[in-house]
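Mind having a look at this structure? Questions to follow.
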Amino acid sequence: MSDTARADLRRFITAKYPAIELTDDQDIFALGFVNSLFAMELVMFVEKTFGTQIPNDELRLDHFRSVNAMVQLVHRLNAPTSQASNA
């Protein structure tokens with residue numbers, strides 16, 4: 001899934017900003033083209049595309065700074081839990 005996730009994320013970002021040459025480890029916020037609206041679009045894209053909900057404690061810029069960071073977030077959120085629920 002990581003190759004697919006990586007490709008989907010790159011395609012989404014470059015569709016919005018076709019003039020950039022983006023590597024998977026570049027900080028998209030440091031590049032200066034990402035604003036708060038696009039950050040929210042990224043969150044919604046990740047949730048919809050990868051069938052997950054991002055908990056509030058995971059909504060940190062560090063998790064969205066690069067394609068690699070977002071792929072790691074998707075893997076972490078979609079990983080099966082190893083602990084049983086206490087409910």
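Just to be sure, is Ala39 out of contact with any helix residue (DSSP H, G or I) (no Cβ under 6 Å at 6 or more places or on another chain) and hydrophobic (A, V, I, L, M, F, W, C)?
So Ala39 fits the description; yes.
Could you list all residues from the stretch 21-54 that are loosely packed, with under 13 Cβ neighbours inside 10 Å and of a type in the set (A, V, I, L, M)?
Result: Ala30, Leu31, Leu37, Met40, Met44.
Read the figures in this text as sums done on the coordinates, not as results from a lab. Because the structure is predicted, anything quoted here is derived from the model rather than measured. With ideal geometry, Cβ positions are generated from the backbone for all residues, glycine too; neighbour counts draw on all protein chains shown.
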